[in-house]
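The values are calculated or read from the model by the stated rules, or taken from the named source; none is laboratory data. All values reported here derive from a predicted model rather than from experimental measurement. So basically every Cβ, Gly included, is an ideal-geometry build from the backbone, and we count neighbours across all protein chains shown.
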Amino acid sequence: MPTLKILGSASGVPTKKRFTTSFVAGMGEGYYLFDAGEACATHLVRSGIPHNRIKAVFISHMDPDHSGGIFMVVQLMELTGRTAPLKIFVPPEAVGAVRNYFRTVWLFPEVLRFKLEILPYCEGRPVYRDRNLSVRVWGNQHLKRRLQSRYPKLKLESYSFLVRGGGKTLVYSGDIARADELDPLLNGKTDLLVAELAHFKPEEIMAYLAGKKIRKIIFTHLHPDLDNQERRLEKMGDRLLGKSKLAVAHDGLSLGF
Ligand SMILES: [Zn+2]
């Protein structure tokens with residue numbers, strides 16, 4: 001059965017009980033890291049996930065609450081004897097900068113004991129596929145809405161994910177500008193939706209999700225105002241989405257789907 005492990009469930013502001021955004025999907029014999037907010041390397045160790053079986057990392061966009069822990073993940077792998085190759089997917093406009101930053105922190109790809117590839121997303125076909133799963137991405141407006149008027153020449157790339165594996169479908173919103181940006185990802189049956197809850201009112205995104213063919217919804221990337229609102233949100237979910245369909249993430253949450 002595919003599994004989900006939440007490593008960090010905060011949004012841009014960590015709280016006393018939440019680190020920034022990161023989760024691991026387990027499919028087949030492989031593990032896949034989605035976003036790498038710090039302190040995901042620490043959480044990987046504490047969770048007991050065999051991090052050297054992580055086959056690929058998918059960074060939704062370069063905001064630090066999604067990317068800031070990736071260098072420690074690679075250092076952890078190097079210092080614990082990893083030999084298996086690792087692919088890290090980042091927005092195309094960030095590939096050069098991320099490759100340079102790995103060199104800046106002395107993680108030269110040519111001296112690591114494993115093959116490290118920093119790769120760009122492309123839309124319209126699976127960006128990654130192995131015998132456990134396939135991953136497709138859709139660009140969203142999260143960064144454009146915030147920054148485009150000031151930086152009109154930048155691409156401001158940010159992505160949402162459709163993951164298929166083990167007969168199951170997982171959708172991860174990443175950070176989005178509008179709930180209906182998820183339309184193309186939710187037009188079939190979805191076994192698990194991992195959705196951010198920092199850029200909407202909870203009732204707004206629940207109204208959008210009501211009636212969609214989704215078996216289980218996890219809200220993560222919580223706005224700090226919602227830090228201690230888990231029960232209220234889950235009760236609202238019972239009312240608006242259906243009994244026990246919604247769970248609010250906490251750091252360390254594990255489930256099978
Ligand atoms: Zn974010």
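Screening region 25-39 for residues that are outside any loop (DSSP other than H, G, I, E, B) and more than 14 Å from the ligand (Cβ to nearest atom) and picking the one that is farthest from His223 (Cα to Cα) gives Gly30. Exactly one residue out of Pro120, Pro92 is under 30 Å from Ile217 (Cα atoms) and touching a residue at least 60 places away in the same chain (Cβ under 8 Å): that is Pro92. Across region 232-251, the number of residues qualifying as surrounded by fewer than 15 Cβ atoms within 10 Å (Cβ to Cβ) and within 17 Å of the chain's Cα centre (by Cα) comes to 1. In region 216-256, the qualifying residues are those that are within 16 Å of the ligand (Cβ to nearest atom), assigned to a helix (DSSP H, G or I) and touching a strand residue (DSSP E or B) at 6+ places or on another chain (Cβ under 9 Å), and the one that is nearest to Thr15 (Cα to Cα) is Pro224. For Ala36, the requirement of being surrounded by 20 or more Cβ atoms within 10 Å (Cβ to Cβ) and among the small types (Gly, Ala, Ser) is met. For the residues Ser9, Ser47, Ser22, the requirement of being at pLDDT below 95 and either within 16 Å of the ligand (Cβ to nearest atom) or hydroxyl-bearing (Ser, Thr, Tyr) (or both) singles out Ser47. Taken over region 103-148, the criterion of being in a helix (DSSP H, G or I) and basic (Lys, Arg) is satisfied by Arg103, Lys144, Arg145, Arg146.
Any residue at all in region 79-94 that is farther than 16 Å from Arg53 by Cα and in a strand (DSSP E or B)? Checked against the condition, which is being farther than 16 Å from Arg53 by Cα and in a strand (DSSP E or B), region 79-94 yields at least one hit.
Pairs meeting the criteria (first residue in region 196-215 and in a loop (DSSP other than H, G, I, E, B), second residue at pLDDT 95 or above and of a type in the set (Val, Ile, Thr), beta carbons under 8 Å, at least 6 apart or on different chains) are His199/Ile176; Lys212/Thr190; Lys213/Thr190. Selection within region 60-84: residues that are within 13 Å of Phe23 (Cα to Cα) and within 11 Å of the ligand (Cβ to nearest atom). The member of this set that is surrounded by the fewest Cβ atoms within 10 Å (Cβ to Cβ) is Asp65.
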